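Each remark here refers to the structure printed beneath this line.
The values are calculated or read from the model by the stated rules, or taken from the named source; none is laboratory data. The model shown is predicted, which means the values in this text are computed figures rather than measured ones. Cβ: placed from backbone, ideal geometry, glycine included. Neighbour counts: every protein chain shown.
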Amino acid sequence: MNTTEQIQSSYVNAQKIFSELGIDCEKVMEILNQIPVSMHCWQGDDVSGFENPDGELTGGIQATGSYPGKAKSPAQLRADIDFAMSMIPGKLRLNLHAIYLESDTPVERDEIKPEHFAKWVDWARDARVGLDFNPSCFSHPLSADNMTLSHPDSEVRDFWVRHCIASRKVSEYFGKELGSPSVMNIWVPDGYKDVPVDRLSPRKRLAESLDRIIAEPISKQYHKDAVESKLFGIGTEAYTAGSNEFYLGYAATRDVLLCLDAGHFHPTEVISDKISSASLYVEELLLHVSRPVRWDSDHVVMLDDETQAIASEIIRNDLTERVNIGLDFFDASINRIAAWVIGTRNMKKALLKALLEPTAQLKDIESKGDFTSRLAFLEEAKSLPWAAVWDYYCLQQDVPVRADWLKDVKQYEQEVLLKR
């Protein structure tokens, strides 16, 4: 029996087991196939971008490691993304930052225009993926003191407001050209290294700046605004203007998306537990799925308990239409393409496992107060043959099964990456 026959045979057996639990594996794979995951472009080049690729990273942004083969041009980055996507099943999007513009002459950030991203749109159209966007409020002379939209100097604030307004136009352009709304996420590094006396004024200024940015209505058919909190960062250990409470209140009162980043909270907090609460007050959420190690260090996503819990919360609460799943990690200590593949496939695996859970039965057991059975069934569900369904799904989607993709990445490294 060859590998394909083994996968098909294992799937048939798994299908029978799940069928006994009332789960239709074919339907599950159809649903999974329609849940997009937005890959992040910055894993491929360590958040350098193409505005000034040799510029210093600032504003709490840091990539560590010097693995060979980093993308050094838009063409190289797109080729690497294409290659990574060829090994990931299902629906994908790509998340861009403003610093990934393409221009023959320098362009200030408050002067970016849709034409500076036309090649990305052409690529996305050919690749049949949607695009998402982010203003880049970091690694710039006017962000050097970790204050942008909340800066006490109105001229500095005005610059970053103009940048975010210009970014909205780029995001709207993506949505119009590709027929899929672009989610534009605003994150700023604003805060203080040591304990501030006045915590209120920066937050007032931040709210005023954000209000100016979103003042012009743009159809959600093309563009969606999102705001992202952070507990602390490098240089803002004591205080961030954009705290979780600030942005939850802002999103709920301004009808914008709330972004929950897995690494932006206290080490004992998890975003999986915040999804259901936030969904009561915010119509739509954006997730940045990452893996913090003791703090926001943006490690490659693993199929760990929290990744699974995030996926389970989305599926159990039927939130696939209200939660936008994005990834946010950058690891320059390993092959960058492998990092994309591992992290994105793990997010997809977590969604599949969640879809294969007998949720209706578990909710019924819970509603009857039978917590013994709830625990028993939850634990037994962990050993259900979901991996056989995943292998079959990969086979169906014509992407490598199990770790078969790794040999292709190693070959690409030898033939392409190491020659850069």
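Does ALA215 meet the test of being at pLDDT 95 or above, closer than 28 Å to ALA144 by Cβ and loosely packed, with under 13 Cβ neighbours inside 10 Å? Steps first, answer last, please.
On the way: at pLDDT 95 or above: yes; closer than 28 Å to ALA144 by Cβ: yes; loosely packed, with under 13 Cβ neighbours inside 10 Å: yes.
Taking the combined requirement at face value, the residue satisfies it.
Looking at VAL47, VAL107, VAL28, can you tell me which residue is in contact (Cβ under 8 Å) with a residue 40 or more places away in the chain, part of a helix (DSSP H, G or I) and either at positive phi or not charged (D, E, K, R) (or both)?
VAL28
Among the candidates ALA376, ALA403, ALA350, ALA388, which residue alone is closer than 24 Å to LEU319 by Cα and either of a type outside the set (Phe, Trp, Tyr) or crowded, with 21+ Cβ neighbours inside 10 Å (or both)? Give the derivation first.
Values: ALA376 fails: closer than 24 Å to LEU319 by Cα; ALA403 fails: closer than 24 Å to LEU319 by Cα; ALA388 fails: closer than 24 Å to LEU319 by Cα.
Result of the check over ALA376, ALA403, ALA350, ALA388: ALA350.
Pick from VAL183, VAL170, VAL188: which is surrounded by 19 or more Cβ atoms within 10 Å (Cβ to Cβ), among the aliphatic types (A, V, I, L, M), in contact (Cβ under 8 Å) with a residue 12 or more places away in the chain and part of a loop (DSSP other than H, G, I, E, B)?
Values: VAL183 fails: part of a loop (DSSP other than H, G, I, E, B); VAL170 fails: part of a loop (DSSP other than H, G, I, E, B).
On inspection, the qualifying residue turns out to be VAL188.
Any residue that is within 14 Å of the chain's Cα centre (by Cα), among the hydrophobic types (A, V, I, L, M, F, W, C), modelled with pLDDT of 95 or more and within 24 Å of SER182 (Cα to Cα) - is there at least one of those in the range 261-269? Lay out the reasoning, then the answer.
Taking the range 261-269 as the starting set, the residues that turn out to be within 14 Å of the chain's Cα centre (by Cα) are 261-264.
Checking which are among the hydrophobic types (A, V, I, L, M, F, W, C) leaves us with 262.
Applying the additional criterion that residues be modelled with pLDDT of 95 or more yields 262.
Within this subset, residues satisfying the condition of being within 24 Å of SER182 (Cα to Cα) are 262.
The answer is yes, given that some residue of the range 261-269 is within 14 Å of the chain's Cα centre (by Cα), among the hydrophobic types (A, V, I, L, M, F, W, C), modelled with pLDDT of 95 or more and within 24 Å of SER182 (Cα to Cα).
For the range 276-301, give me the residue count where each residue is among the aliphatic types (A, V, I, L, M), over 14 Å from the mean Cα position of the chain (by Cα) and either within 24 Å of TRP42 (Cβ to Cβ) or not in a helix (DSSP H, G or I) (or both).
Here is the first cut: in the range 276-301, the residues among the aliphatic types (A, V, I, L, M) are 278, 280, 282, 285-287, 289, 293, 300-301.
Filter once more, keeping what is over 14 Å from the mean Cα position of the chain (by Cα): 278, 280, 282, 293.
With either within 24 Å of TRP42 (Cβ to Cβ) or not in a helix (DSSP H, G or I) (or both) added as a condition, the list becomes 280, 282, 293.
Summing the residues that are among the aliphatic types (A, V, I, L, M), over 14 Å from the mean Cα position of the chain (by Cα) and either within 24 Å of TRP42 (Cβ to Cβ) or not in a helix (DSSP H, G or I) (or both) in the range 276-301 gives 3.
Can you tell me which residue is surrounded by the fewest Cβ atoms within 10 Å (Cβ to Cβ) among those in the range 98-123 that are closer than 21 Å to GLY326 by Cα and touching a Phe, Trp or Tyr at 6+ places or on another chain (Cβ under 8 Å)? Can you show your working first?
Restricting attention to the range 98-123, the residues satisfying the condition of being closer than 21 Å to GLY326 by Cα are 98-101, 117, 120-121, 123.
Subset that is touching a Phe, Trp or Tyr at 6+ places or on another chain (Cβ under 8 Å): 98-101, 117, 120-121.
Values: ALA98: 24, ILE99: 24, TYR100: 25, LEU101: 22, PHE117: 26, TRP120: 23, VAL121: 18.
Among residues in the range 98-123 that are closer than 21 Å to GLY326 by Cα and touching a Phe, Trp or Tyr at 6+ places or on another chain (Cβ under 8 Å), the one surrounded by the fewest Cβ atoms within 10 Å (Cβ to Cβ) is VAL121.
Here are GLY90, GLY60, GLY69: which of them is in contact with a Gly (Cβ under 7 Å, 6 or more places away or on another chain), assigned to a loop (DSSP other than H, G, I, E, B) and crowded, with 16+ Cβ neighbours inside 10 Å?
Values: GLY90 fails: in contact with a Gly (Cβ under 7 Å, 6 or more places away or on another chain); GLY69 fails: in contact with a Gly (Cβ under 7 Å, 6 or more places away or on another chain).
When all the criteria are applied, what remains is GLY60.
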